[in-house]
């Protein structure tokens, strides 16, 4: 699974890009929290077999939340969220939902371990793989979308919750329960591009923080 620190960095970048005038420490915290919450299903795997990248990586949870949010903010005559938290609350809620989908689920969907997109309705893991390049002989080449093949997307399946285990620091073994003798490794970053994402997020947040402070001082 993609390290939680990287998911938090991507969530922070989404917050800086999408929150607009609603950006502050509290809204940043909520959006980043939404991006890392799916990784908590590693704790669920201590009691439920195969729950890592499944229990909270499912599209069912953000789907239900998105439907409720859309109904409340666009279909109701009086929106509970808007009346209680104003336009900021609505903006933060939508960005948090995007963070959950992109940083929380999307990163792991495009990793070899994959995610169980429809858990608990279906316990199968899916992993999207492919590449995009330009060749002087073949032109633009991409392998994400296949025309005339068995599927539209190049989606593989590493297995199901019964036979596919995603290793985590909390539960590195396929079994449930806390194995005291198992080796545990807390991975912060795995590759160079992940390091760049984390550093970039830190830089963007520093710049946004300075900008927010400047506006506050001018307003005062």
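The values are calculated or read from the model by the stated rules, or taken from the named source; none is laboratory data. Note that this is a predicted model, so its numbers are computed, not measured. Here Cβ is always computed from backbone atoms with ideal geometry, including for glycine, and neighbour counts include all displayed protein chains.
Tabulated data
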{"quantity": "Complete set of residues in the stretch 152-163 that are touching a strand residue (DSSP E or B) at 6+ places or on another chain (Cβ under 9 Å) and either in a loop (DSSP other than H, G, I, E, B) or modelled with pLDDT of 80 or more (or both)", "calculated": "152, 154, 156, 157, 158, 159, 160, 161"}
{"quantity": "The stretch 171-187 residues that are on the phi > 0 side of the Ramachandran plot, paired with ones that are part of a loop (DSSP other than H, G, I, E, B) and modelled with pLDDT of 80 or more (beta carbon under 9 Å, 6 or more apart)", "calculated": "177/46; 177/47; 177/171"}
{"quantity": "Top-ranked residue of the stretch 82-93 - restricted to ones that are surrounded by 17 or more Cβ atoms within 10 Å (Cβ to Cβ) and without any contact (Cβ under 8 Å) to a residue 40 or more places away in the chain, ranked as nearest to residue 34 (Cα to Cα)", "calculated": "93"}
{"quantity": "Condition met for residue 146 (modelled with pLDDT of 85 or more, in contact with a strand residue (DSSP E or B) (Cβ under 8 Å, 6 or more places away or on another chain) and surrounded by 13 or more Cβ atoms within 10 Å (Cβ to Cβ))", "calculated": "no"}
{"quantity": "Check on residue 45, under 28 Å from residue 170 (Cβ atoms) and over 13 Å from the mean Cα position of the chain (by Cα)", "calculated": "yes"}
{"quantity": "Residue 14 crowded, with 21+ Cβ neighbours inside 10 Å and part of a helix (DSSP H, G or I)", "calculated": "yes"}
{"quantity": "Residue 116 at pLDDT below 90, surrounded by 11 or more Cβ atoms within 10 Å (Cβ to Cβ) and out of contact with any helix residue (DSSP H, G or I) (no Cβ under 7 Å at 6 or more places or on another chain)", "calculated": "no"}
{"quantity": "Residue within the stretch 55-65 that is at pLDDT below 95 and touching a strand residue (DSSP E or B) at 6+ places or on another chain (Cβ under 9 Å) present", "calculated": "no"}
{"quantity": "Residue, modelled with the lowest pLDDT, within the stretch 175-211, restricted to residues that are over 26 Å from the mean Cα position of the chain (by Cα) and in a helix (DSSP H, G or I)", "calculated": "211"}
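Residue by residue, here is whether (1) out of contact with any helix residue (DSSP H, G or I) (no Cβ under 9 Å at 6 or more places or on another chain); (2) surrounded by fewer than 24 Cβ atoms within 10 Å (Cβ to Cβ); (3) closer than 23 Å to residue 186 by Cβ holds:
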| residue | (1), (2), (3) |
| --- | --- |
| 24 | no, yes, no |
| 36 | no, yes, yes |
| 47 | yes, yes, yes |
| 55 | no, yes, yes |
| 60 | yes, yes, no |
